[in-house]
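The values are calculated or read from the model by the stated rules, or taken from the named source; none is laboratory data. Just so we're clear, the structure is a prediction, and the values are computed from it rather than from any experiment. Here the Cβ positions follow ideal geometry from the backbone for every residue, glycine too, while neighbour counts run over all protein chains shown. Accessible surface areas use protein heavy atoms only, side chains included; no ligands, DNA or RNA. Shrake-Rupley method; radii C 1.70, N 1.55, O 1.52, S 1.80 Å.
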Protein chains: 2
Amino acid sequence: MRGRAVIICVGDELLEGRVADTNSQYLRESLEPLGWKVVMIMTVADASEEISSALRFALGRGDLIILTGGLGPTPDDLTREGVAEGLGRQLVRDPAIESRLRDRFDRMGREMPPSNLRQADILTGGCEVIEGEGTAPGLLIREESRLIYLLPGVPSELRYMVEKKVLPALSLESDGLFRSSRKIELFGCTEAEAGEVVQSLLRQGSGIKASWLAREGVIQIRLWGEAADARELEGRLEDLVKKVSERLSGAVVSTDGSSLAEVASELMKRRGATLAVAESCTGGLIGERITSVPGSSLFFLGGVISYSVPVKTSLLGVPRKAINEKGVVSREVAEAMARGVRSLLGSDLALSSTGVAGPGGGTAETPIGTVCIGLSSEGGERSWELRLPGDRDMVRRLAANAALMALIRHLREGSGG
Amino acid sequence: MRGRAVIICVGDELLEGRVADTNSQYLRESLEPLGWKVVMIMTVADASEEISSALRFALGRGDLIILTGGLGPTPDDLTREGVAEGLGRQLVRDPAIESRLRDRFDRMGREMPPSNLRQADILTGGCEVIEGEGTAPGLLIREESRLIYLLPGVPSELRYMVEKKVLPALSLESDGLFRSSRKIELFGCTEAEAGEVVQSLLRQGSGIKASWLAREGVIQIRLWGEAADARELEGRLEDLVKKVSERLSGAVVSTDGSSLAEVASELMKRRGATLAVAESCTGGLIGERITSVPGSSLFFLGGVISYSVPVKTSLLGVPRKAINEKGVVSREVAEAMARGVRSLLGSDLALSSTGVAGPGGGTAETPIGTVCIGLSSEGGERSWELRLPGDRDMVRRLAANAALMALIRHLREGSGG
């Protein structure tokens, strides 16, 4: 590990929940592969006193301190002031930034508001200017052995500056070690199963570290490590990804960070086939997931939300008999829905869902969380009955993900890989 | 304002992004109406040293400090240890908690693991025990004039304890003032418009404060205040809600915290009418939103996801002529889609969407973000053309919300209220 990092997010809008903080997790994910461990995240108000006290505290906890937000031109942008106060330094106007700001406004044919000049302030006693995409430049201050970055709070401006300037600079502060990471997305195994496989492989002494994040049944494993030899490290990571993938093969969604919908989309396009959906308990969520990926119109024809029984029977041709005998939440009905929508829309493949998401509607035979997924193709119908945990919202999200995973497995079988 | 509050969230899983922190915003929303202002939120690792240093720092920043998480029985639950260290106090076993823990395990017919005994530890020097739902009791410590709460990190356990124990206790620490709040949900006006109306009304000196949160076009305004006379305060709040509602009448979704989908659902059930949807650019999202509310099967029949042109023409009967002459993203096509699905499913009302969500597909005439919403009823068709901002995901979410708002307005017009 290179050292300890503290992130300070500045902004009333974050404290008040008006804006969700996405910056701190982005920074953590960016810093970790370079060997920095984020030990604390602080969210503070737009007040010079709060910022300076948070910074002084952070100086005792971290070797790298990143402040985001509060660099704009308005009076409540006080990060520069707070940091100067915290370090006991002064603010001075930087002529180079000032002329760049004036140029920028000239090019836009606009008068620069005087308040924008505050963005040309830097700290005395050593302060590097980091040019970015927006008007607000970032600043880098060295305080004894510590690095203090002042970066914009607007996520797109932050990301630009971090990727183009901060990470390359941090990489140069080299300890001679090379760092790298990999991602594996899984669906269809438990967090405990995934954890056990990863931990048992890591115990074999690869020097690789792992963390995981589980959301809506999708488990994202991150593997990372550091070594003097880049090729050797990449080899170790590749080997580990391969071993995890082998041990959890049926559950692997991707090893390049792609989501369920992205992988399904890619496989559908490669196959050159078309897709339709028939949704009951998911109410449109499978279609929404598929069409969330740009370019889905190349293979996705559409579908039917058959939330009521008459839509299932009349539009999709689900036999009344199947509903009466097996129940509307049954593999038979799921298969008939998939077959029906495939025929109705003339698609090559079709997915379907029928289930009890709750909070009402559960019975002893089909308790809340029971979901049947159907898949129809030229070769006939397949179906799966699942018992999903969680509340209404979670059951529906898990069901949509399960349908996408069923499609992915089907497409991979068909292509032999 | 009663005073300054600092929230400390303890847990590696939060720092590492494996679990999203929902507790800090829940606590802020709960504390604010009682007069506490959250000035800082800290997220710290499961390490006694990190917890103690964060607490010592927080003692200088807040009058009320709430730590959540790290009270469980496992070795990485170190909040008790960290707080004891931070305050220079000792941990002692509390016999009453110990016997309650043993009773609980006895009732479950299970042996208590020795590690659970750690949950019976309290701090020396004055420490109140707060019984909760789970095995982990909370603790309240008074340090000079400050209140320090140690509460569970599991959201359901936290909420139970906050609502049943912490808020009532904080209310008792009375300054003789009564506090209350209201929520107004808006859609179809900008944050700036809403802000201006609220600020101009607040400037008239009601003593009420406001904050707002904008997400996917929905603006949630929170109004709160404090007064010696409860009835007078409620009157002022009611009056303000009424005035905001009058000034922004077309944009009011609810004044009781209900969401777009919940209000639409309630109005549909009251009308006793049925609904269908025909979705193109939203790909199933409108249906998903409607069916996210339990009981939607009472009025929602289903719909058609007509993502491709042939589904629009063959299944929904959209005239080729309208598509060729007006374009697939046009009010005419939106109306034909709504009419088509209403007829196909035999519903009383129908909603439709067609648009360009991007990133591809925009033209000079129909740039990315152009969305047409259609509504069909016994009285005929209506439609709206919108230019929505944001990326693909945001355009689709805004479009689904706009469709729900169109339905709400239609239902309110029809009922004269």
With solvent modelled as a 1.4 Å probe, how much accessible area in total do chains B and A shield from it at their shared surface, in Å² to the nearest 100? 4400 Å²
If you restrict to DSSP beta bridges whose two residues both lie in the protein assembly as shown, what percentage is antiparallel, to the nearest 5? 65 percent
Taking the full set of protein chains and a 1.4 angstrom probe, give the accessible area of A:M394 in square angstrom, rounded to the nearest 10. 70 Å²
Where the Cα pairs of region A:260-415 fall when distances are cut into 10 Å bins, in %: 13, 46, 33, 8, 0
Sum up the charges of everything whose Cβ sits under 11 Å from the Cβ of A:L31, counting Lys and Arg as +1 and Asp and Glu as -1, but leave A:L31 out. +3
Three principal axis extents, largest first, for the C-alpha atoms of chain A, in Å? 82, 55, 41
Spelling it out for A:V253: with amide H atoms placed in the peptide plane at 1.01 Å from N, the residues 5 or more places away or on another chain with amide H under 5 Å from its amide H are A:E185, A:L186, A:F187
Summing +1 for each Lys or Arg and -1 for each Asp or Glu, what net charge is found among the other residues whose Cβ lies under 14 Å from the Cβ of A:P75? -4
With a 1.4 Å probe and all protein chains kept in place, how much accessible area does B:W384 have, in Å² rounded to the nearest 10? 80 Å²
For B:C189 the rounded accessible area (nearest 10 Å², probe 1.4 Å, non-protein molecules ignored) is 20 Å²
Give me a comma-separated list of calculated 3J(HN,Hα) values for region A:68-73, in order, Karplus coefficients 6.51, -1.76, 1.60 applied at θ = phi - 60°, integers in Hz, x for any Gly or Pro. 10, x, x, 9, x, x
Counting pairs of Cα atoms in region B:94-249, how many percent are more than 22 Å apart? 60 percent
Treating only the Cα positions of region A:372-417 as identical point scatterers, give the base-10 log of I(q)/I(0) from the Debye formula at each q in 0.20, 0.23, 0.28 Å⁻¹. -0.68, -0.82, -1.03
Starting from the amide H of A:I305, placed 1.01 Å from N in the peptide plane, find each other amide H under 5 Å away whose residue is 5 or more places distant or on another chain. A:E279, B:G303, B:V304, B:I305
Please report the orientation-averaged projected area of the protein assembly as shown, defined via the convex hull of its C-alpha atoms, in nm². 39.0 nm²
Taking each label point as 7 Å beyond Cα in the direction of the beta carbon, state the distances from A:M394 to the same residue in the other copies, shortest first, in nm. 3.1
Once you keep just the Cα pairs under 8 angstrom separated by 6 or more residues, what percentage relative contact order results for region A:260-415? 26 percent
Remind me, relative contact order of chain A in percent, using alpha carbon pairs under 8 angstrom and six or more residues apart? 10 percent
Reported to two decimal places, what Rg/Rh ratio describes region A:296-378 when computed on Cα atoms with Rh from the Kirkwood expression? 0.99
Considering only chain B, pick the residue with its Cβ nearest the axis of the rotation onto chain A, and state the distance in whole Å. B:G284, 1
At a Cα cut-off below 30 Å, give the lysines reachable from A:K242, other chains included and same-chain residues fewer than 8 away excluded. A:K37, A:K183, A:K209, A:K269
Got the A:G88 label distances to the other copies yet, label 7 Å along Cα→Cβ, in nm, shortest first? 2.5
Run the label-point distances for B:G126 please: 7 Å along Cα to Cβ, every other copy, nanometres, shortest first. 4.6
Solvent-free Debye scattering, log10 I(q)/I(0), computed from the Cα coordinates of region A:178-254 at q = 0.15, 0.17, 0.24 Å⁻¹: -0.46, -0.58, -1.08
Provide A:I184, B:I122 ordered by accessible surface of protein heavy atoms (probe 1.4 Å), highest first. B:I122, A:I184
Report the percentage of all Cα-Cα pairs in region A:3-171 whose separation exceeds 20 Å, rounded to a whole percent. 48 percent
Amide H to amide H, which residues 5 or more places from A:S180 or on other chains are under 5 Å from it, using H placed in the peptide plane? A:G225
What does the charge add up to near A:T43, with Lys and Arg as +1, Asp and Glu as -1, over the other residues with Cβ less than 13 Å from its Cβ? -4
Just give the residues from region B:300-319 buried by at least 50 square angstrom of accessible area in the all-chains context relative to the isolated chain, probe 1.4 Å, and say none if nothing qualifies. B:L301, B:I305, B:Y307, B:L315
Roughly how many percent of the accessible protein surface of region B:156-292 is carbon and sulfur, given a 1.4 Å probe and a whole-percent answer? 48 percent
Calculated SAXS-style log₁₀ I(q)/I(0) at q = 0.15, 0.22, 0.27 Å⁻¹ - region B:1-70, Debye, Cα scatterers: -0.45, -0.90, -1.19
List of region A:273-291 residues, accessible area with partners at least 50 Å² below that of the chain alone (1.4 Å probe): A:E288, A:T291
Using a probe radius of 1.4 Å on heavy atoms only, what accessible surface per residue do you get for the protein assembly as shown? Whole Å² is fine. 40 Å²
